[in-house]
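*Asks:* Here it is, the structure in full.
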Amino acid sequence: MRLCFAIILAAFFGLFSVSPAIAVEPDEILSDSGLEERAREISLELRCLVCQNQSIDDSNAPLAKDLRVLVRERLKSGDSDREVVDHIVARYGEFVLLRPRFGVHTLILWLGPPLLLVLAIFIMYRAFKRRRAESDAAPPKKLSAAEKKKLEKLLAEK
């Protein structure tokens with residue numbers, strides 16, 4: 001029993017200690033560690049347009065590789081992080097950003113979930129308050145004479 005538990009525990013920790021796969025190939029890595037770190041940070045913010053649920057840093061798609069190379073080329077040419085991201089957004093649109101920018105065109109995206117949460121809490125509060133008021137307002141009904149006789153008959157049968 002203990003051995004079985006130890007194996008399950010080891011499998012559990014092994015499963016959750018696995019780090020995410022990084023698709024950056026050795027030929028893409030920059031020799032300047034500072035630039036490489038900046039490239040990795042930018043790559044984690046950009047969506048793979050093929051996979052759509054991964055960053056370009058995690059994707060093995062050819063387009064993701066091209067974007068990683070483009071990020072590194074722009075950094076080597078002296079662009080700031082913001083300029084690199086702006087260049088890629090200008091080329092592929094805001095969908096390429098894993099975290100969209102806050103703006104007029106993304107207000108619903110950013111403000112919708114908190115507003116829905118507040119609305120849901122308000123509706124639940126009102127429903128709770130109404131149910132409580134109904135239960136407090138209605139006193140328990142007394143049994144009629146016929147109901148009392150029927151109840152006594154049922155209790156006597158036991």
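*Asks:* Any idea which of R82, R126, R101 is surrounded by 11 or more Cβ atoms within 10 Å (Cβ to Cβ) and either part of a helix (DSSP H, G or I) or at pLDDT below 90 (or both)? Walk me through it before giving the result.
*Replies:* On the way: R82 fails: surrounded by 11 or more Cβ atoms within 10 Å (Cβ to Cβ); R126 fails: surrounded by 11 or more Cβ atoms within 10 Å (Cβ to Cβ).
Exactly one of R82, R126, R101 is surrounded by 11 or more Cβ atoms within 10 Å (Cβ to Cβ) and either part of a helix (DSSP H, G or I) or at pLDDT below 90 (or both), namely R101.
*Asks:* Restricting attention to region 30-72, which residues are part of a helix (DSSP H, G or I) and surrounded by fewer than 13 Cβ atoms within 10 Å (Cβ to Cβ)? Before you say what the answer is, go through the steps one by one.
*Replies:* Taking region 30-72 and keeping what is part of a helix (DSSP H, G or I), we get 33-45, 62-72.
Passing the criteria: S33, G34, E37, E41, P62, D66.
*Asks:* Taking R91, is it within 28 Å of I42 (Cβ to Cβ) and not in a helix (DSSP H, G or I)? Give the derivation first.
*Replies:* Details: within 28 Å of I42 (Cβ to Cβ): yes; not in a helix (DSSP H, G or I): no.
Considered against the rule, which asks whether it is within 28 Å of I42 (Cβ to Cβ) and not in a helix (DSSP H, G or I), R91 comes out as no.
*Asks:* Every residue in region 129-158 that is more than 57 Å from the chain's Cα centre (by Cα), small (G, A, S) and part of a loop (DSSP other than H, G, I, E, B), please.
*Replies:* S144
*Asks:* So G93 fits all but one of (1) under 27 Å from the mean Cα position of the chain (by Cα); (2) on the phi < 0 side of the Ramachandran plot; what number is the exception?
*Replies:* It fails just one condition, (2).
*Asks:* Residue check: is L109 at pLDDT below 90 and assigned to a helix (DSSP H, G or I)?
*Replies:* Numbers: at pLDDT below 90: yes; assigned to a helix (DSSP H, G or I): yes.
Answer is yes for this residue.
The values are calculated or read from the model by the stated rules, or taken from the named source; none is laboratory data. Computed from a prediction, not measured in an experiment: that's the story for all the values here. Note that each Cβ is placed from the backbone with ideal geometry, even for glycine, and that neighbours are counted across all protein chains shown.
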